[in-house]
Amino acid sequence: MDLALIIVGLLIALFAVITVMRTVRIVPQARARNVERLGRYQRTLQPGLNFVIPYIDRVYPVIDLREQVVSFRPQPVITEDNLVVEIDTVLYFQVTDPRAAAYEIASYLQAVEQLTVTTLRNVVGSMDLEVTLTSRDRINSLLRGVLDEATGKWGLRVNRVEIKAIDPPKTIKDAMEKQMRAERDKRAAILAAEGQRQSQILTAQGDKQGAILRAEGERASAILKAEGQSRAIDQVFQAVHRNDPDPKLLAYQYLQVLPQLAQGEGNTFWVIPSEVTSALQGVSKAFSESVPRSPATREPTSSDGLAELAAEDAAQAEEAAAEAVADAAVPDGIPNTNGGQPRPAPPG
């Protein structure tokens, strides 16, 4: 009898524990649970401590209200130019209405996946391969708009749709790689040609600038030389006219210049103009005649050494005049090839 009472008591305690556990329900944060009473939707349990009627209310599994990420397997899609590409998509969505997510659609994950595939085929089917590869943002935007509108009644909100990968066929990949290599080679050749062209232009500009600078330097040098010669000639001219030379001095200077005509290595003959004879005669007369004294030298001097030096200078001048007259006796146009001595003219 006591054993039976103990068993009954244990059963009553177990029933009470089970009843309490079915009455008290704790829902975590960002979660929700739908409650049916006698087979009909009653309410949605909010996060925290909740009480339900045991054995009458039925509590469904937890629905996650956080944003979820779902990656679908690659799907074959045909482009406008009849090429099959495999597109891998990633979907970001969030449950906003637990009741609609549970009662409006049987499996919202499967529904979202199939809707993504069909929408993707419709969008990519109107584009060729090149546009598909370069229009990911456009495809993502179109997919998000269609999915968000369609899943709104299911209690879902599609936040983002991203295309993770677009894989064209292997033959297309090879052709694209060849095209990319050709484009790179073309750009490299263009850059090399542009660099060579720029280098030649810079070199030509440098040569031009150098030639201009050299020409300006030569011009400045020629101008300076001409100015120097002009000043030298002007000073000589002024000096000559300031000292008022007589014809005898000019004839003597002309005589001193004549030997310089034959000093060149390639000169085998030199020409004496006919006017030189009269000039030399004037020089000989100048040295043979007595030279009048200047006002500074008219006073007699008592120095015998100065007189002797003057006599020697006069004798040397007479000898030089005689030799010059003898050399001037050669006719015009007869080359002097006999060691510098004038050669007599042939009989005429």
- Query: Is it fair to say Leu14 is open to solvent by 40 Å² or more (accessible area, probe 1.4 Å), at negative phi and either touching a strand residue (DSSP E or B) at 6+ places or on another chain (Cβ under 7 Å) or not aliphatic (A, V, I, L, M) (or both)?
  - Reply: no
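Under the condition of being loosely packed, with under 10 Cβ neighbours inside 10 Å and closer than 25 Å to Leu156 by Cα, which residue from segment 27-65 is modelled with the lowest pLDDT?
Step one: filter segment 27-65 for residues loosely packed, with under 10 Cβ neighbours inside 10 Å, giving 29, 38-40, 61.
Okay, now just the ones that are also closer than 25 Å to Leu156 by Cα, so 29, 39-40, 61.
Details: Gln29: 93, Gly39: 87, Arg40: 91, Pro61: 91.
Among residues in segment 27-65 that are loosely packed, with under 10 Cβ neighbours inside 10 Å and closer than 25 Å to Leu156 by Cα, the one modelled with the lowest pLDDT is Gly39.
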- Message: Residues to consider are Asn140, Asn159; find the one that is touching a Lys or Arg at 6+ places or on another chain (Cβ under 9 Å) and either acidic (Asp, Glu) or assigned to a helix (DSSP H, G or I) (or both).
- Response: Asn140
- Report, by residue number, each residue of segment 123-137 that is surrounded by 13 or more Cβ atoms within 10 Å (Cβ to Cβ) and either under 17 Å from Val90 (Cβ atoms) or of a type outside the set (D, E, K, R) (or both). Val123, Val124, Met127, Leu129, Val131, Thr132, Leu133, Ser135, Arg136
- Could you list all residues from segment 92-121 that are open to solvent by 50 Å² or more (accessible area, probe 1.4 Å), of a type outside the set (Val, Ile, Thr) and touching a Leu at 6+ places or on another chain (Cβ under 9 Å)? Asp97
- Out of the residues in segment 138-161 that are touching a residue at least 40 places away in the same chain (Cβ under 8 Å) and open to solvent by less than 10 Å² (accessible area, probe 1.4 Å), which is farthest from Thr96 (Cα to Cα)? Leu143
- Query: Among Thr132, Thr151, which is the only one that is β-branched (Val, Ile, Thr) and either in a loop (DSSP other than H, G, I, E, B) or closer than 27 Å to Tyr60 by Cα (or both)?
  - Reply: Thr151
- Query: Which of (1) under 60 Å from the mean Cα position of the chain (by Cα); (2) within 23 Å of Asn159 (Cα to Cα); (3) without any contact (Cβ under 8 Å) to a residue 60 or more places away in the chain; (4) not in a loop (DSSP other than H, G, I, E, B) is the odd one out, the single condition Thr89 does not satisfy?
  - Reply: (3)
- Query: Quick one: what pairs do we get from segment 17-43, first residue small (Gly, Ala, Ser), second surrounded by 12 or more Cβ atoms within 10 Å (Cβ to Cβ) and in a strand (DSSP E or B), C-beta under 6 Å, 6+ apart or different chains?
  - Reply: Ala32/Thr44; Ala32/Ile63
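The values are calculated or read from the model by the stated rules, or taken from the named source; none is laboratory data. These numbers were taken from a predicted model, which means no experiment stands behind them. Because the Cβ atoms are built from the backbone with ideal geometry, glycine has one as well, and the counts that use them run over all protein chains shown. For accessibility, only protein heavy atoms count, side chains too; no ligands or nucleic acids. Shrake-Rupley method; radii C 1.70, N 1.55, O 1.52, S 1.80 Å.
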